[in-house]
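Below you'll find the structure, written out as structure tokens, and then a few comments.
Values quoted throughout were computed directly from the atomic coordinates according to the rules given, and no laboratory measurement underlies them. Small disclaimer: the values here were computed from a predicted structure and weren't measured. Please note: Cβ atoms are built from the backbone with ideal geometry, for glycine as well, and neighbour counts cover all protein chains shown.
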Amino acid sequence: MNTSASLRTLSSSASADDVAECIDRDGGVIVANLIDERVMDEFIADLRPHFDRQTFGTGFNGVRTRRCNALLQHSDRTVDLMLAPSFLNVAERLLVHDGVWSGSMADGSTVHKQRVRPTIQLSVTQAIELWPGQKAQEIHRDDSMYYTRHPGRPTLVQALFAGTRYTRDNGGTLVIPGSHHWDDERIPKLQETVAVEMPRGSALIYVGGLYHAGGANVTEDERRIAVAVSYTLGYLRQEENQYLSVTPERALQLPQRVRELMGYRLCAPFCGWVDMRDPMDWLEAQGNNANSSASYRPVTGGV
Ligand SMILES: O=C(O)CCC(=O)C(=O)O
Ligand SMILES: [Fe+2]
């Protein structure tokens, strides 16, 4: 394994510009103590019964690994991870690109043009529990699902929040710093990877073009939890189908910004409509008879 070129660690008070610049250069960065202990405790406690219903995976997903999905359905604290400023603002900086001209004929002779820019939206939410005995995963790029060509504009920004500490021995994610700049022909090698080590509550944030893999868990009895949350552009398909993974009733309980990020907001100029209207109108119509913020509790309110 490579011991020299590890990713940089920045503090959670670093500016979004600094974090984005670091990711642009190295492909990823570790943001220290992004999620506070209380939030992580509550989050993992909410997930525990769902984790415990999962069986181990197969192949790429790991024969000694359990994965728990649909995190917005299971825990209010998913919101804290999604909206962590050093993640959301950085994802916006890295993904949103210049718009296209969108025109409309006003009176048959004049075309009014406007420059529009795409939104970003949630792509996946998944907690990954690596058990002792899990071998290292295949090295891959997460943006392969979008057929992204490299080097080029990012289509995915993902965070792996440490739900337990991350060590080389318990399966800390292996990364190849700078590999997002590689073309699509170069083959990544295990010797080029470095293991990410970080305390619980810190996060590895990276672009989808960074080569990485889950590490091997060679401990006797220590499980490693990573919580994957990713953003993509509003006009691409979501890795995890948020409309079917999270019920409309549950979506209506979540903060407005979260619903927008789930994809219930049209991506300009006109991607994602329902009956030619913003899907948010459809969602809100489902909740006309319900108390729409009944059960979401912000962390400051009630733990
Ligand atoms: O578990 C990890 O450290 C990484 C998992 C991963 O990269 C994936 O499943 O795509
Ligand atoms: Fe991955």
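Brief remarks on what is shown
- Square roots of 5 times each gyration tensor eigenvalue, C-alpha, region 174-226, largest first, Å: 24, 14, 8
- Electrostatic dipole magnitude of region 203-255 [Cβ: Lys, Arg +1; Asp, Glu -1; Cα centre; debye, to 20]: 200
- Considering only V39, P154, V116, the residue lying farthest towards the positive end of the dipole of region 21-175 is P154, judged by Cα position with unit charges set on Cβ.
- In the chain, the longest principal axis of the Cα atoms and the axis of helix 37-52 are about 90 degrees apart.
- Remark on the chain: Rg and Dmax equal 20.0, 74 Å (Cα only).
- Remark: relative contact order (the chain) = 23 percent; criterion is Cα-Cα distance under 8 angstrom and separation of 6 or more residues.
- Cα centre as origin, Lys/Arg/Asp/Glu Cβ charges: the chain dipole, Debye: 200
- Rounded to the nearest 10 degrees, the angle from helix 85-95 to the longest Cα principal axis of the chain is 70 degrees.
- In the chain, the DSSP-assigned H stretches of four residues or longer account for a calculated mean residue ellipticity at 222 nm of -6000 deg cm²/dmol, using -39500 (n - 2.57) per stretch and the full residue count as denominator.
- Cα long-axis angle, helix 16-26 against the chain (0 to 90 degrees, to the nearest 10): 60
- With each label modelled as a point 7 angstrom along the Cα→C-beta vector, the K189-R48 pair spans 4.5 nm.
- Site pair D169 and V96 shows an inter-label distance of 4.5 nm when each label is modelled 7 Å from Cα along Cα→Cβ.
- The Cα trace of region 45-184 gives Rg and Dmax of 19.9, 69 Å, the first to one decimal, the second as a whole number.
- Free-standing Cys residues across the chain, given no other cysteine C-beta under 4.7 angstrom: C22, C68
- Rounded to whole Hz, the Karplus (6.51, -1.76, 1.60) HN-Hα couplings of region 253-263, x for glycine and proline: 7, 8, x, 3, 4, 5, 4, 4, 5, 6, x
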